[in-house]
Amino acid sequence: MQHADSLYRYALSRVKDHHAAEDLVQDCLSAAWQRINTFDGRSSLSTWLIGIMKFKVIDHFRKSKRTPTDQSADPGGEQDPLSSVFDSYGTWKIDPNHGLEMLASAPDQIASQNELLDWVRACLNKLPDRLRVLFTLREVDGLAVSSAASAAGVTAGSAAVLLTRSRHRLRSCLQEHGIQP
Amino acid sequence: MLKALGISCKDAYGLCSVQMDRKLTTGESFRLRFHLKICGICQYLPKQFRGLSELVRACELDPANDESSDVQLPPKVRERIVEHLRDGVQPKS
């Protein structure tokens, strides 16, 4: 049970619901205990457990039975967030690089900055629920767009637009925070 | 010629996002590369999209590793899980 807290923190950060996160920890540990013979020690136990938890989180979203909807027109109350940064010719109205210099740095340099990770987490949490779920299933769990769309309850056809919108919102949020290299 | 080959910054921005999710068609790829060659403002976008992706992945794994966090499994739930494991679950042979 020494890993239960880290599993709980991970689950809670993904599903944003205490009860669901608690159930996921139980499911994860049950599954791990049943499969303990398959743990070969090539990775650490905690890495192995988080790997199982990732599948449990994806299952959780799939089983949530979100009704697929075409939300490309209204994922969070905005019609087209890109219209505020491009003019009618599709030219930038803002400097798209301002405050985002860190994103072009080496990934290990980025990941070592706790303050930066806190900002990213805050920005992720500002995304509308479906956008956040779709985006994290795609980017964090690496699901195919169609699978991520299905689990997030959006139509496959609108997923590409919504993923672009998620990335745009995250970029804008990070720019507002003014990340400095 | 430029007009025929060219895409707007908005289109390039969209394609930079799309290529995170699927392989661009030959035409899309050509137009994007052409745009990035001639547009000093957009040239960093692909790196930024990849950086954002790395950052989000690091961020989502981080809560599990954050031992200083005060977020802990409630003791009652912990007991419930221990009981569940003790009573009901057997390792598969």
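The values are calculated or read from the model by the stated rules, or taken from the named source; none is laboratory data. Keep in mind it's a predicted model, so treat the numbers as computed, not measured. Positions of Cβ are generated from backbone atoms using ideal geometry, with glycine treated the same way; all protein chains shown enter the neighbour counts. To get the accessible areas, we keep the full protein, side chains included, count just its heavy atoms, and leave off ligands, DNA and RNA. Shrake-Rupley method; radii C 1.70, N 1.55, O 1.52, S 1.80 Å.
Here are a few things to note about the model shown:
- Residues that are over 26 Å from A:LEU127 (Cβ atoms) and not hydrophobic (A, V, I, L, M, F, W, C) were ranked within segment A:6-31; the one that is most open to solvent (accessible area, probe 1.4 Å) is A:GLN26.
- Listed by first and then second residue, the pairs linking a residue in segment A:1-12 that is within 7 Å of another protein chain (Cβ to nearest Cβ) and touching a residue at least 40 places away in the same chain (Cβ under 8 Å) to a residue that is open to solvent by 30 Å² or more (accessible area, probe 1.4 Å) and hydrophobic (A, V, I, L, M, F, W, C), with Cβ atoms under 9 Å apart and 6 or more places separating them unless they lie on different chains, are A:TYR10/B:LEU61.
- Set side by side, the residues A:GLN79, A:GLN109, A:GLN175, A:GLN180 differ, and just one is over 22 Å from B:CYS59 (Cα atoms) and modelled with pLDDT under 90, which is A:GLN79.
- The residues on offer are A:ARG132, A:ARG121, A:ARG167, and the sole one that is within 14 Å of B:SER53 (Cα to Cα), modelled with pLDDT of 90 or more and open to solvent by 10 Å² or more (accessible area, probe 1.4 Å) is A:ARG132.
Table: residues versus (1) touching a helix residue (DSSP H, G or I) at 6+ places or on another chain (Cβ under 8 Å); (2) modelled with pLDDT under 95.
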| position | (1), (2) |
| --- | --- |
| B:LYS3 | no, yes |
| B:GLY6 | yes, yes |
| B:ALA12 | yes, no |
| B:CYS16 | yes, no |
| B:GLN19 | yes, no |
| B:LEU24 | yes, no |
| B:CYS39 | yes, yes |
| B:GLN43 | yes, yes |
| B:LYS47 | yes, yes |
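- Scanning segment A:23-33 for residues that are within 7 Å of chain B (Cβ to nearest Cβ), within 17 Å of A:LYS54 (Cβ to Cβ) and of a type outside the set (Val, Ile, Thr) gives A:GLN26, A:LEU29, A:SER30.
- Taking each residue of segment A:161-173 that is of a type in the set (Phe, Trp, Tyr) and looking for partners that are buried (at least 22 other Cβ atoms within 10 Å of the Cβ) with beta-carbon atoms closer than 6 Å, six or more apart or interchain, yields nothing.
- Some residue of segment A:123-143 being among the hydroxyl-bearing types (Ser, Thr, Tyr), farther than 18 Å from B:SER17 by Cβ and assigned to a helix (DSSP H, G or I): no
- Any pair with Cβ under 9 angstrom, 6 or more apart, that starts in segment B:35-54 at a residue that is loosely packed, with under 14 Cβ neighbours inside 10 Å and ends at one that is in a helix (DSSP H, G or I): B:ILE38/B:LEU2
- B:ARG50 in a helix (DSSP H, G or I), away from chain A (no Cβ under 12 Å) and among the charged types (D, E, K, R): no
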